[in-house]
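The values are calculated or read from the model by the stated rules, or taken from the named source; none is laboratory data. Treat the numbers as computed from the prediction; the structure is a model and nothing was measured. With ideal geometry, Cβ positions are generated from the backbone for all residues, glycine too; neighbour counts draw on all protein chains shown.
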Amino acid sequence: MTVEETYLGGCFVITPKVFEDERGYFFESFNKNVFEKEAGIVADFVQDNQSKSSKGVLRGLHFQKGAYAQAKLVQVIKGKVLDVCVDIREGSPTFGKHYSLILDDQNRQQLYVPRGFAHGFVVLEDHTIFSYKCDNFYNKESEGGIIYNDENLQIDWSFPKDKLIISEKDLILPTFKTLEI
C-alpha cells in the first residue's frame, strides 16, 4: 500500500498493493499501522456508509461542522466516480482549493479526506457502489454543504451539466463565499 499526500495538506491518495490470480484478487483496504506510519493519520473509524448510484448522480459537496466534523476514507467498490474534496479550513494555505481524482473498481485507489473538507462525487458508470469510512458519527444538525457549481471553486465535474442528477437538497446548498463553518 502506498500513501501519497496531495497538494491539500492532510488529504492523501492511497493505492493498495493488489494480489491477483485466476481466483480473483485480494488487497488490504485499510491498515491502521500503515496510515499512522506513512501519513501520520491516527484514524478511529466509527461508521461505514455505502451508496449505490446511477450514472450522472452528483452527491455533494457535503461536510459535518463542529464537534461532528468527519474525516473520511472513500473508495469505489464497483463502478467509477470523479471524487472531489474542497479545503474549508479557515487559515489553511489551501483554503478554497479543491482536489479531484477518478476512483474506480480497476485502480482501487482510495482518498483520505480529513476533517475540515467538503466532499462530493459524480458517478461515471451505472450501478456504482461507493463506500466510505467515517471517524465520527453523522449528526443531522451539523450538516453543511456547498453548491456543486460554485463559480469561485471552478470545479470541472467532467460530466454534461444537463445530464446531472442532483437531489433537491443539494441544489439549494449555499455558495463558498456564504459558507458558515
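In the range 52-81, what residues are in a strand (DSSP E or B) and more than 22 Å from Gly9 (Cβ to Cβ)?
Correct list: Lys52, Ser53, Val57, Leu58, Arg59, Val76, Ile77, Lys78, Lys80, Val81.
What is the number of the single condition among (1) touching a residue at least 12 places away in the same chain (Cβ under 8 Å); (2) in contact with a strand residue (DSSP E or B) (Cβ under 6 Å, 6 or more places away or on another chain) that Phe95 does not meet?
(1)
Can you give me the ranges of the strands (runs of 3 or more DSSP E) entirely in the range 115-167 with at least 1 residues that are among the charged types (D, E, K, R)?
128-134, 143-145
Could you check how many residues of the range 151-168 are out of contact with any strand residue (DSSP E or B) (no Cβ under 8 Å at 6 or more places or on another chain) and either surrounded by 13 or more Cβ atoms within 10 Å (Cβ to Cβ) or farther than 20 Å from Gly96 by Cα (or both)?
Number of matching residues: 5.
Taking the range 114-142 as the search range and keeping residues that are touching a helix residue (DSSP H, G or I) at 6+ places or on another chain (Cβ under 9 Å) and surrounded by fewer than 18 Cβ atoms within 10 Å (Cβ to Cβ), which one is farthest from Pro16 (Cα to Cα)?
Among those residues, the one meeting the criterion is Glu141.
Yes/no per residue for (1) touching a residue at least 12 places away in the same chain (Cβ under 8 Å); (2) within 13 Å of the chain's Cα centre (by Cα); (3) over 13 Å from Tyr132 (Cβ atoms):
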site	(1), (2), (3)
Arg23	no, no, yes
Ser29	yes, no, no
Glu36	no, no, yes
Asp44	yes, no, yes
Val57	yes, no, yes
Lys65	yes, no, yes
Arg89	yes, no, yes
Ile102	yes, yes, yes
Ala118	yes, yes, yes
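Pick out the one residue from Ser92, Ser131, Ser100 that is among the hydroxyl-bearing types (Ser, Thr, Tyr) and within 14 Å of Leu179 (Cβ to Cβ).
Step by step, each of Ser92, Ser131, Ser100 is checked, and only Ser92 is among the hydroxyl-bearing types (Ser, Thr, Tyr) and within 14 Å of Leu179 (Cβ to Cβ).
Name the one entry in Tyr148, Tyr138 that is of a type in the set (Ser, Thr, Tyr) and closer than 19 Å to Gln70 by Cα.
Selected residue: Tyr138, the only one of Tyr148, Tyr138 that is of a type in the set (Ser, Thr, Tyr) and closer than 19 Å to Gln70 by Cα.
For the range 1-51, name all the residues that are among the polar types (S, T, N, Q), at pLDDT 90 or above and part of a loop (DSSP other than H, G, I, E, B).
Thr6
Could you check the range 67-86 and list, in sequence order, the residues that are closer than 18 Å to Thr178 by Cα and surrounded by fewer than 24 Cβ atoms within 10 Å (Cβ to Cβ)?
none
Just one of Leu101, Leu111 is surrounded by fewer than 18 Cβ atoms within 10 Å (Cβ to Cβ), among the hydrophobic types (A, V, I, L, M, F, W, C), in contact with a Ser or Thr (Cβ under 9 Å, 6 or more places away or on another chain) and in a strand (DSSP E or B); which is it?
Sole residue among the options that is surrounded by fewer than 18 Cβ atoms within 10 Å (Cβ to Cβ), among the hydrophobic types (A, V, I, L, M, F, W, C), in contact with a Ser or Thr (Cβ under 9 Å, 6 or more places away or on another chain) and in a strand (DSSP E or B): Leu101.
Please find, within the range 5-37, the residue that is surrounded by the fewest Cβ atoms within 10 Å (Cβ to Cβ) out of those that are among the charged types (D, E, K, R) and touching a helix residue (DSSP H, G or I) at 6+ places or on another chain (Cβ under 9 Å).
The qualifying residue surrounded by the fewest Cβ atoms within 10 Å (Cβ to Cβ) is Glu28.
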